[in-house]
1. For region 99-211, give me every one of the helices (runs of 4 or more DSSP H) that falls completely inside it and has 2 or more residues that are at positive phi and of a type outside the set (S, T, N, Q).
2. Against the definition (outside the structural domain of Ala215 (by TED's automatic domain parsing), within 27 Å of the chain's Cα centre (by Cα) and over 21 Å from Pro180 (Cα atoms)), how does His50 come out, yes or no?
3. Give region 417-433 a look and list any residue that's buried (at least 21 other Cβ atoms within 10 Å of the Cβ) and in a strand (DSSP E or B), or say none.
4. For region 223-256, enumerate the residues that are of a type in the set (S, T, N, Q) and within 15 Å of the chain's Cα centre (by Cα).
5. Answer with yes or no whether Asp193 is at pLDDT 95 or above, assigned by TED's automatic domain parsing to the domain that holds Ala373 and surrounded by 21 or more Cβ atoms within 10 Å (Cβ to Cβ).
6. When you scan region 263-303, how many residues do you find that are surrounded by fewer than 22 Cβ atoms within 10 Å (Cβ to Cβ), in contact with a strand residue (DSSP E or B) (Cβ under 9 Å, 6 or more places away or on another chain) and either at pLDDT below 95 or of a type in the set (S, T, N, Q) (or both)?
7. Residue by residue through region 65-109, note down the ones that are surrounded by fewer than 20 Cβ atoms within 10 Å (Cβ to Cβ) and aromatic (Phe, Trp, Tyr).
8. Restricting to region 329-379, count the residues that are assigned to a loop (DSSP other than H, G, I, E, B) and closer than 30 Å to Leu138 by Cα.
Amino acid sequence: APEPLAEDGHGGMDLTDVPVRWHVARDPEFRDIAARGRALALPQLAHSVHPRVEGLDPATDYYYQFTVGRQSSPVGRFRTLPAAGAEAESFSFGLVSCQAWYHGHFTAYRHLAEEEDLDLVVFVGDYIYEYGITETNLWRQGAAVGPAHEVEIETLEQYRLRYALFKSDPHLQAVHARVPAIAVWDDHEVQNDYWGTLSDTGIPEDLFAHRIAVAYRAFYENMPLDVTALPDGPDTDITTGFDVGALARFSLLDCRQFRDPEPADREEQYAPERTMLGTAQEEWVTGRLTDTPATWNVLANAVVLAAIREQTYGQWDGYPAARQRLLDAMAESSNPVMLTGDIHKHVAAELLADFTDPGSGTIGVELVCTSVASDGDGSADAGNPDLWLDHEHVKLYDGRRGYVHVRLTPQEMISSFVVVDWVEADDTAPKQLAARFTTPAGDPQLIPA
């Protein structure tokens with residue numbers, strides 16, 4: 001875009017259709033073209049395109065580029081998945097969330113983009129934040145924004161502008177170019193702590209439906225989603241899944257759009273019909289978990305599944321019956337893993353078959369990534385570590401910024417919790433390994449490595 005931060009949300013583009021050519025090659029110089037095509041970038045979709053490329057070879061490295069007129073995008077890279085049912089020696093991914101641009105530099109992405117062993121990045125929510133950016137919360141030193149960024153975003157133009165601001169970071173751009181990405185949302189892609197169709201600040205439901213619609217539209221425009229996820233007003237479906245040969249099955253969950261509201265009392269909280277995912281999504285993920293050929297069954301969602309505190313209504317603690325149904329389905333699959341963000345802390349936990357029965361046994365593990373920048377500079381014991389570590393099933397707590405690197409093989413999962421000590425001053429903080437765990441296939445525990 002000629003002016004990415006144009007306040008009308010169109011990046012300085014004229015409001016006309018723009019033909020876009022795309023190329024996929026087997027080499028970064030684009031001498032060996034594997035596929036090419038055209039897409040029409042429409043102003044109604046902020047000139048975003050979501051081409052579907054088919055017919056590529058499995059388990060093969062490719063490079064891609066977009067061209068408009070004489071202008072070409074930077075080159076991106078991806079590796080296709082193994083063929084269905086094929087054996088795979090390994091698959092590695094980065095787990096990230098909560099990137100409040102104004103709270104600090106995206107140092108974590110600088111290090112993640114440099115990981116040699118990386119096939120995918122998984123975003124588990126809060127890719128943007130809706131808050132106004134003012135001198136009170138602008139902790140990223142050296143950064144400045146104009147008046148258009150100082151108000152809480154509500155319109156389509158404002159949501160588009162917020163994505164443009166966050167995606168202006170070169171380290172985030174490097175991550176997107178380095179490997180493919182998959183993403184689910186949490187609340188800040190719309191509004192803090194919204195519940196299904198309900199605003200947390202009392203905006204009337206009919207008016208809030210419009211805000212949801214424009215927020216979902218901007219998410220679709222800016223994220224790597226298939227065309228089937230194009231919203232219909234305030235309704236869309238971002239749930240999706242894929243298999244990495246016979247090694248792993250990934251299922252992405254929407255924990256925001258279909259959840260029941262905050263309970264009025266404990267009786268309502270424990271009502272058996274209470275749902276986090278909605279009936280259709282529950283049935284979908286249950287089917288994927290109970291009929292799976294994969295060694296590892298990986299779920300990605302926005303909020304913590306493990307039992308921590310009964311009064312934490314926004315996490316799965318607020319939906320105990322729904323959590324038990326999901327745990328029951330996970331127990332029927334092989335080596336289930338939950339990927340989570342939201343809390344701005346690294347946490348590693350073992351998942352019990354029934355959290356009301358400490359002796360029920362462990363059926364899987366949960367890997368919770370800290371924030372990339374949200375809450376600014378952290379510390380290992382930031383927040384309330386005792387609340388988490390007092391539980392025997394919690395094996396790690398660290399309040400610094402960073403990401404999780406995960407490597408899957410047929411024999412084990414290795415999860416590495418990477419941190420940086422500062423993000424507010426600049427992007428130069430070195431990466432450190434806060435903790436590393438191995439989880440043997442068939443033995444759902446977190447063993448320090």
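The values are calculated or read from the model by the stated rules, or taken from the named source; none is laboratory data. Everything numeric in this text was worked out from a predicted model, so none of it was measured. FYI the Cβ positions are ideal-geometry reconstructions off the backbone, even for glycines, and counts take in every protein chain you see.
1. none
2. Criteria not met by His50.
3. Those that are buried (at least 21 other Cβ atoms within 10 Å of the Cβ) and in a strand (DSSP E or B): Phe417, Val418, Val419, Val420.
4. Passing the criteria: Thr239, Thr240, Ser251.
5. Judged against the criteria, Asp193 is not a match.
6. 2
7. Phe66
8. Number of matching residues: 15.
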